[in-house]
Amino acid sequence: MATPLQKWVEEQAKLTKPDKIWWCDGSEEEARRLIEIGMKEEKIGSSPVFYGLNQKTFPNSYLHRSHPTDVARTEHLTFVCHPDKETAGPNNNWMDPAEAKERMRKLSDGCMRGKTMYVLPYMMGHPRSPYAKACIQITDISYVAISMRIMTRMTKSVIDKIGDSDDFVKGLHSIGDFDPNKRFIMHFPDEHFVWSIGSGYGGNALLGKKCFSLRIASWLGLKEGWLAEHMVIMGIEDPKGNVTYITAALPSACGKTNLAMLESALPGYKVWTLGDDIAWLNVGPDGRLWAINPESGFFGVAPGTSMKTNPNMMRTLKKGTFYPTLFTNTALNVDTKEPWWEGIDGGLPKNLLDWQGDPWNSASGNRAAHPNSRFTASLYQCPVLSPEFDNPKGVPISAIMFGGKRMHVKPLVVEGLDWPNGVFLGSRMGSETTAAAMHKEGVVRRDPMAMLPFCGYNMADYFRHWLNIGKQLTHPPKIFSINWFRTDDNGAFLWPGFGENIRVLKWIIDRVNNKVDAKETPIGLVPDLKDLDTHGLNIPQKNLEKLFEINSEEWRKESEDIEIFLKNFGDRMPKEIWQEFEKMKKRFL
Ligand code: OXD
Ligand code: MN
């Protein structure tokens, strides 16, 4: 008798009509074969899926050039198909589930003809973790199969784990013909099912990532009493050897990966990486909040990554293990066969191919690497991977940071007064848009908890869920807002960022451990400047003051913007959020 899993796979094959079905086992040998297929057999247009890179300097690394129309997440083509529109909320595109399925069925009919259907069994989370989930993704391109092997724990034992049960997360992915007019990413939260066609790009195609571990998982979290968040998880070791675990939510391409593996500029402090993108947060039996990273790889933005900005990432990329490392839409140094991007160490190479494979000329004014070019690398290659990474229980969280990219308005760091005020801090977040999604760059958009594109249900209910989780925590983490990106009147950054951000983290853990006081302001608590360790930094006093300036005119405008956003949700918005909003406004009077 066929198992529910076998039946499901058969049904998908009947619809998509692949030439053959390949059940992947996650082995090293299989990865090698898939890379070979990507280099020699599969094509995107007339180009191979993978190009081998310099195996000495970047061992086991490959370059992938995506279809030129397929370079970022497409939020406008991403739908969350709850039975009713209200449950999806104004933060999501919604389509009736039956209509969405009908549309997808038409687009998917025969879409794998002439291709191989890869069946990928994987876990999100450590297989022994009570918080982990068993998943199956179907895809029709080696790039996605290899990427999923890096990003998730892919093994055939997941199939045994699923056994006769129908309790597994389902993902059906096909690149289709890359036609942007036939591109959709559809989520069916109640069925734990994601259906994606027409794109091979990261968040659109690696369905364990944004689609499942955030959009669907946030919905599961609402039902089951936990949180799925767009957050870094890191441990900060102080000079005495004590490690404090914290999480940080920042929108896409705002430096989460750099933060997650920061090399401390303060002697005696060290950061341990647990995750750079997604955290699943559960209330532990001890009343603390515990975090696991469901992923096991990095899918980070390449431009700007260097030995100066993120030395641990450069080491990760060059480490070379049996996990391949992929570079997507970076430029290529023709002479060395190394990947190249704007901001990488060293001078400008003489012979570069741009991200589309064409000879690049600096006079053209175009960037050689796509601004959203990426690397995909195993977390196990990270030299500062926390020894707790594979702990099935996760790590206990003492502080949560909410950040964004704001040239103006937002101070370097602000602490919430308590949990509800901290939730409000998260809900009032805004950030300047980046190249991670297809939209105009540099425009401020409200992005509560950095979850606007990823919350799989009505955000008003999501805030209520956050407030409720707080009620279950006997030892809630403190909540902070951070902003590394404030500029002076000439547009120059006021804060050096990168490894120097440890100074802010130090203040945060000092607050958590009750070592320093803080000053009250209308928008929350800020450091007494004497408690922020700026030793050796050389920042003029006026810049430090500017970093913490709370300009009431700017905040009046900000409040109007926040109010417009919150009002979108009508009566569904929890009254506690409005109360916090009113309290903040009153403090300004
Ligand atoms: C990502 C994103 O890829 O947030 O992590 O876009
Ligand atoms: Mn992300």
Checklist entry - Rounded to the nearest 20 Debye, what is the dipole magnitude of the stretch 159-212 about its Cα centre when Lys and Arg each give +1 and Asp and Glu each give -1 at the C-beta? => result 360
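Find the accessible area per residue for the stretch 272-345; the probe is 1.4 Å, ligands and nucleic acids are left out, and the unit is Å². Mind showing how you got there, number by number?
Working: 2120 Å² over 74 residues.
Per-residue value: 29 Å².
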Checklist entry - Out of Trp340, Ser398, Ser373, whose Cα points farthest toward the positive end of the dipole of the chain (charges: +1 Lys, Arg; -1 Asp, Glu; placed on Cβ)? => result Trp340
Item to check | Chain lengthening between Ile21 and Asn538 when straightened (0.36 nm per residue, less Cα-Cα) | outcome: 180.0 nm
Checklist outcome for this item: Computed for the stretch 261-395: size of charge dipole around the Cα centre, +1 on C-beta of each Lys and Arg, -1 on C-beta of each Asp and Glu, debye to nearest 20, value 180
Checklist entry - Lys161 label point, 7 Å along Cα→Cβ, cut-off 20 Å on backbone N: hits in the stretch 121-146? => result 121-139, 145-146
Checklist outcome for this item: Quick shape check on the stretch 127-275: root eigenvalues a ≥ b ≥ c of the Cα gyration tensor, a/c under 1.5 is rounded, otherwise prolate if a/b tops b/c, else oblate, and it reads prolate
Checklist outcome for this item: For the chain, percent of DSSP beta bridges that are antiparallel (nearest 5) comes out at 65
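According to the square roots a ≥ b ≥ c of the eigenvalues of the Cα gyration tensor, what is the shape class of the stretch 231-313, taking rounded for a/c under 1.5, prolate for a/b larger than b/c otherwise, and oblate for the remainder?
The shape class here is oblate.
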Item to check | Evaluated over the stretch 1-154, the Cα radius of gyration and Dmax, each in Å | outcome: 17.8, 54
Checklist outcome for this item: As straight-line cross-link partners of Lys156, the qualifying aspartates and glutamates (C-alpha separation under 14 Å, not fewer than 8 residues apart within one chain) are Asp25, Glu28, Glu29, Glu30
Item to check | Qualifying aspartates and glutamates (Cα of each under 16 Å from Cα of Lys7; at least 8 residues distant if same chain) | outcome: Asp160, Asp164, Asp166, Asp167, Glu191
Item to check | Value of relative contact order over the stretch 331-443, rounded to a whole percent, pairs C-alpha under 8 Å and six or more apart | outcome: 16
Checklist entry - Among residues other than Phe493 whose Cβ falls under 12 Å from its Cβ, what is the net charge (Lys/Arg +1, Asp/Glu -1)? => result +2
Item to check | 18 Å reach of a label modelled at His475, 7 Å along Cα-to-Cβ, counting backbone N of the stretch 267-306 | outcome: 281-292
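Within the accessible area of the stretch 46-194, what % is carbon and sulfur when the probe is 1.4 Å and the other protein chains stay in place? Provide the component values of the computation, followed by the final result.
Details: 2760 of 5460 Å².
Carbon and sulfur: 51 percent of the exposed surface of the stretch 46-194.
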Checklist entry - Which value, in debye to the nearest 20, gives the size of the charge dipole of the chain about its Cα centre, when Lys and Arg are +1 and Asp and Glu are -1 at the Cβ? => result 320
Next on the checklist: For a quick check: with amide H placed at 1.01 Å from N, whose amide H comes under 5 Å from Asn93's, ignoring anything fewer than 5 positions away on the same chain?
Outcome noted: Val80
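With a 1.4 Å probe and all protein chains left in place, how much accessible area per residue does the stretch 146-228 have, in Å²? If you can, show how the numbers build up before the last one.
On the way: 2270 Å² over 83 residues.
The answer is 27 Å² per residue.
Ranked highest first by average number of other Cβ atoms within 10 Å, how do 281-288, 344-351 line up? Let's see the in-between values first.
On the way: 281-288: 15.8, 344-351: 11.9.
Output ranking for 281-288, 344-351: 281-288, 344-351.
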Checklist entry - Out of the stretch 131-206, which trypsin sites (Lys or Arg not before Pro) are coil in DSSP terms and have no more than 16 other C-beta atoms within 10 Å? => result Lys156
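Round to a whole number: what % of the accessible area of the stretch 338-400 belongs to carbon and sulfur, probe 1.4 Å?
Details: 1250 of 2680 Å².
Carbon and sulfur together cover 47 percent of it.
Using mean Cβ contacts within 10 Å as the protection proxy, how do 389-395, 172-178 order, highest first?
So the peptides 389-395, 172-178, ranked by packing, come out 172-178, 389-395.
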Next on the checklist: I need the shape label for the stretch 407-453. Rule: rounded when a/c is under 1.5, else prolate if a/b > b/c, else oblate, with a, b, c from the alpha carbon gyration tensor.
Outcome noted: oblate
Item to check | Lysine pair count for the stretch 467-589 [Cα-Cα under 19 Å; pairs on different chains or 8 or more apart] | outcome: 28
Checklist outcome for this item: In degrees, nearest 10, the alpha-carbon axis of helix 4-16 is tilted away from the dominant principal axis of the alpha carbons of the chain by 70
Item to check | Accessible surface of the stretch 450-564 [probe 1.4 Å, protein heavy atoms]: carbon and sulfur percent | outcome: 46
Checklist entry - Quick one: what Rg and Dmax do you get for the chain from the alpha carbons, in Å? => result 23.3, 74
Checklist outcome for this item: Taking the dipole of the chain about the Cα centre (Lys, Arg +1; Asp, Glu -1; charges at Cβ), the one of Leu274, Ala145, Met261 that reaches farthest to the positive side is Ala145
Next on the checklist: Probe of 1.4 angstrom, ligands and nucleic acids ignored: what's the accessible area per residue over the stretch 435-589, in square angstrom?
Outcome noted: 47
Item to check | Charge context of Leu107, other residues only, Cβ under 14 angstrom, K/R +1, D/E -1 | outcome: +2
Checklist entry - So which GluC sites (Glu not before Pro) in the stretch 400-464 pass both tests, a DSSP loop state and at most 15 other Cβ atoms within 10 Å of the Cβ? => result Glu441
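If you filter the stretch 24-127 for GluC sites (Glu not before Pro), then keep DSSP loop positions with at most 14 other Cβ within 10 Å, what is left?
Working: sites: Glu28, Glu29, Glu30, Glu36, Glu41, Glu42, Glu75, Glu86, Glu99, Glu102; in loops: Glu41, Glu42.
Within the stretch 24-127, the qualifying GluC sites (Glu not before Pro) (loop, at most 14 other Cβ atoms within 10 Å) are Glu41.
Local charge sum around Asp238 (other residues, Cβ-Cβ under 14 Å, Lys/Arg +1, Asp/Glu -1)?
On the way: positive: Lys240, Lys270, Arg503, Lys506, Arg511, Lys515; negative: Glu237, Asp510, Asp533.
It works out to a net charge of +3.
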Item to check | Rounded tilt (10° steps) of 575-588 against the dominant C-alpha axis of the chain | outcome: 40
Next on the checklist: I need the phi-derived Karplus couplings for the stretch 209-222: 6.51 cos²θ - 1.76 cosθ + 1.60, θ = phi - 60°, integer Hz, Gly and Pro marked x.
Outcome noted: 7, 4, 5, 7, 5, 10, 5, 6, 5, 5, 5, 4, x, 5
Checklist outcome for this item: Placing one equal point scatterer on each C-alpha of the stretch 266-380 and summing with Debye, one gets log10 I(q)/I(0) at q = 0.11, 0.12, 0.18, 0.23 Å⁻¹ equal to -0.46, -0.54, -0.96, -1.30
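The values are calculated or read from the model by the stated rules, or taken from the named source; none is laboratory data. These numbers come from a predicted model, not from an experiment. Ideal geometry is used to build each Cβ from the backbone, glycine not excepted, and the neighbour counts take in all protein chains shown. These area figures cover heavy atoms from the full protein model, side chains too; ligands, DNA and RNA do not enter into them. Shrake-Rupley method; radii C 1.70, N 1.55, O 1.52, S 1.80 Å.
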